[in-house]
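Q: One structure is given below, represented as structure tokens, and several questions about it will come after.
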Ligand code: GLP
């Protein structure tokens, strides 16, 4: 694993965006695994600026998102499908037909369909990840085993608390989600994680400077052969 240490959120965002832009430049029809949450938003803003400046072409890019809340349809303003349109897809020349977010309303058959889709794409070239405060990736929550493919999860109380800032109240935060599994993520040819702020420092320490354990799902990335952690000084303050 490699660590890119940056001064702050903006520098982290620029560094992560450069890695994604390099991937698109090297392989214009690459498959990007994309993430939601506040961590990747700055990277997306850089990508949008470079696309608008004519320096980065998304026309052949294909994308698969990590996860979606169960029960939210793509037009719900807290769905991850909506988030992706709002924060990236609507602002670059990507073909919406080439973008994919797991459906939160199609039932459990969606899991198999989504894994098949990733397989049909020939796998993911670059997977972007955020990090949950409890060490989760996508919505792979702490557990007694690592998950494999796309599956439905029960969100932990800490994740629902962390994400309630986006909803009117805790009651409105969904209790379940669909997420790519750890195997899907590990099979990506390159994995880039963005992490910023002191509230991620303990999770960074546990995930990358402690034992590999399903209780800290991100820790499995220690085994990935091309994993890059892009983190700012605050996120790295405990290591
Ligand atoms: C959610 C998402 C994760 C994301 C995490 C951290 O739970 N499912 O993919 O990494 O939040 O979000 P943030 O970047 O806002 O801290």
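Taken together, the values in this text are just the output of simple stated rules run on the coordinates, not laboratory data. These figures come from a predicted structure and were not determined experimentally. Backbone-built Cβ (ideal geometry, glycine too); neighbour counts: all protein chains shown.
Q: Sum -39500 (n - 2.57) across every DSSP H segment of at least 4 residues in the chain, then divide by the residue count to get the 222 nm mean residue ellipticity, nearest 500.
A: Calculated at 222 nm, the ellipticity per residue is -8500 deg cm²/dmol.
Q: Also, quick follow-up: Counting only Cα atoms, I'd like the Rg/Rh figure for the stretch 1-107, Kirkwood definition for Rh.
A: 0.98
Q: I would also like to ask the following. Give the span of the chain's Cα atoms along each principal axis, as three whole-Å numbers ordered largest to smallest.
A: 44, 41, 35
Q: Let me ask another. Using the Kirkwood formula on the Cα atoms of the stretch 161-239, what hydrodynamic radius do you get, in angstrom to one decimal? Mind showing how you got there, number by number?
A: Numbers: mean 1/r = 0.0703 Å⁻¹.
The answer is 14.2 Å.
Q: What's the ranking of 128-136, 97-105 by average number of surrounding C-beta atoms within 10 Å, highest first?
A: Highest to lowest by the protection proxy: 128-136, 97-105.
Q: Between residue 27 and residue 158, how many nm apart are label points set 7 Å from Cα along the C-beta direction?
A: In this crude label model, residue 27 to residue 158 measures out at 3.4 nm.
Q: Percent antiparallel among DSSP beta bridges with both residues in the stretch 2-232, to the nearest 5?
A: 30
Q: Still on this structure: Cut-off is 10 Å between beta-carbons; in what order do 172, 233 appear when sorted fewest neighbours first?
A: Ordered by Cβ neighbours within 10 Å, fewest first: 172, 233.
Q: Here's something else I'd like to know. Which length gain, in nm to one decimal place, applies between residue 105 and residue 117 when the Cα-Cα distance is subtracted from 0.36 nm times their residue separation?
A: Stretched out fully, the residue 105 to residue 117 stretch lengthens by 2.6 nm.
Q: Another question, then. How high is the relative contact order of the stretch 25-99, given as a whole-number percent (alpha carbon pairs under 8 Å, six or more residues apart)? Can you show the working numbers first?
A: Numbers: 87 pairs, mean separation 28.1, N = 75.
After rounding, I find 37 percent.
Q: In a GNM of the chain with a 10 Å cut-off on Cα contacts, which of 57, 125, 143 has the highest mean-square fluctuation?
A: Greatest mean-square fluctuation among the candidates belongs to 143.
Q: By counting other Cβ atoms within 10 Å of each Cβ, how are 61, 194, 41, 239 ranked from fewest to most?
A: Ranked by crowding around the Cβ, least crowded first: 239, 41, 61, 194.
Q: Given a cut-off of under 8 Å on Cα pairs at least six residues apart, what relative contact order in percent is computed for the chain?
A: 26
Q: I would also like to ask the following. With equal scatterers on the alpha carbons only and no solvent term, can you work out the Debye log10 of I(q)/I(0) for the stretch 131-189 at 0.13 1/Å?
A: Each listed q maps to, in turn, -0.34.
Q: Sticking with this structure for a sec: Evaluate the Debye formula for the stretch 68-108 with equal point scatterers sitting on the alpha carbons, no solvent, and hand back log10 of I(q)/I(0) at q = 0.16, 0.25, 0.26, 0.32 Å⁻¹, in q order, two decimals.
A: The calculated log intensity ratios at q = 0.16, 0.25, 0.26, 0.32 Å⁻¹ are -0.38, -0.82, -0.86, -1.10.
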